[in-house]
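Undergrad: Have a look at the structure that comes next, please.
Values quoted throughout were computed directly from the atomic coordinates according to the rules given, and no laboratory measurement underlies them. Worth saying up front: this structure is predicted, and the values here are computed from it rather than measured. Here Cβ is always computed from backbone atoms with ideal geometry, including for glycine, and neighbour counts include all displayed protein chains.
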Amino acid sequence: MMQLTYRDIHYSTQTSNSVPYEGFAQSVQLILDENRRVLNETVYAALEHLAQAITEANRIFVFGGGRSGLVMRMAAMRIMHLGCQVYVVGETITPAIEQGDLLITCSGSGNTGSVCAMAVTAKTIGAQLAVITANKTSPLAALADLTVELAAVTKHEREAARSQQFAGSLFEQSTLLLLDALFHVLSRTLNKSTQSLWAMHTNLE
């Protein structure tokens with residue numbers, strides 16, 4: 001059986017002979033630098049509006065496709081720790097969305113069909129819509145009551161100058177970091193102690 005080593009893996013259109021080997025330290029630094037740039041360019045006023053919407057909503061629903069969907073699941077867990085009633089769209093126990101509820105969607109391109117369809121449904125019912133995206137001119141952003149824009153590439157872009165990572169990796173990473181920062185701020189704003197947060201954590205594990 002052939003064993004694949006790190007130096008055998010290349011994300012480049014060049015031949016492997018012309019691609020210099022990069023160690024893990026260099027790759028980690030690249031990822032950190034790219035995420036730092038994106039987060040430094042984020043308009044934090046938009047994040048404050050999202051935080052306010054979370055605290056005022058009756059219930060919170062989250063949705064995203066692919067890896068963005070995994071990020072939203074992680075965010076939902078932290079929102080639950082704050083004591084909010086939160087659901088991941090698509091789960092069998094997710095109830096009907098209503099007026100007074102908040103749907104938080106995540107799509108780098110803002111064109112993901114399933115996400116846009118969910119957004120239209122939520123808006124038709126009268127729920128509030130928050131969108132996290134890298135494309136503020138997208139159909140999804142056009143539907144939003146509030147938009148958090150990240151200066152990251154989408155998975156369809158090929159601009160190495162903006163990110164050397166594959167596909168939508170930078171968008172997904174920066175979204176997770178931003179939502180963890182949101183949780184950190186909200187936990188303090190709502191005076192949630194470490195003990196109260198742990199009290200909300202599942203005891204069925």
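Undergrad: If you build the convex hull over the alpha carbons only and average its shadow over all orientations, what do you get for the chain? Give it in nm² to one decimal. Mind dumping the intermediate values first?
TA: Values: hull surface 58.6 nm².
The directionally averaged projection comes out at 14.6 nm².
Undergrad: Take residue 145, project a point 7 Å from its Cα along the Cβ direction, then tell me which residues of region 94-109 have their backbone nitrogen under 16 Å from it.
TA: Zone members listed by number: 97-106.
Undergrad: Arrange the peptides 61-72, 178-189 so that the one whose residues have, on average, the most other Cβ atoms within 10 Å appears first. Before the final figure, lay out each step's value.
TA: Working: 61-72: 22.2, 178-189: 16.6.
Output ranking for 61-72, 178-189: 61-72, 178-189.
Undergrad: 7 Å from Cα along Cα→Cβ at both residue 124 and residue 28: what's the point-to-point distance in nm?
TA: Rounded to a tenth, the inter-label distance reads 4.9 nm.
Undergrad: Determine, for each peptide in 81-91, 23-33, the mean count of other beta carbons within 10 angstrom over its residues, then list the peptides with the highest first. Display every interim value, and only then the final one.
TA: Details: 81-91: 16.7, 23-33: 11.3.
Final packing ranking: 81-91, 23-33.
Undergrad: For region 58-166, restrict the atom set to alpha-carbon positions and state the Rg and Dmax in Å.
TA: For region 58-166, the Cα radius of gyration and maximum Cα-Cα distance read 14.0, 43 Å.
Undergrad: Next question, about the same structure. Using alpha-carbon pairs under 8 Å, 6+ residues apart, how would you state the relative contact order of the chain in percent? The partial results should precede the final answer.
TA: Values: 296 pairs, mean separation 41.9, N = 205.
Answer for the chain is 20 percent.
Undergrad: Calculate how steeply helix 44-56 sits against the longest principal axis of the alpha-carbon atoms of the chain, using the helix alpha-carbon long axis, and give the answer as 0 to 90 degrees to the nearest 10.
TA: In the chain, helix 44-56 runs at an angle near 40 degrees to the longest axis.
Undergrad: Another one. For residue 148, enumerate residues with amide H under 5 Å from its amide H, sequence gap 5+ or separate chain, H modeled in the peptide plane.
TA: Here the answer is 131, 132, 133, since their amide H atoms fall under 5 Å of that of residue 148.
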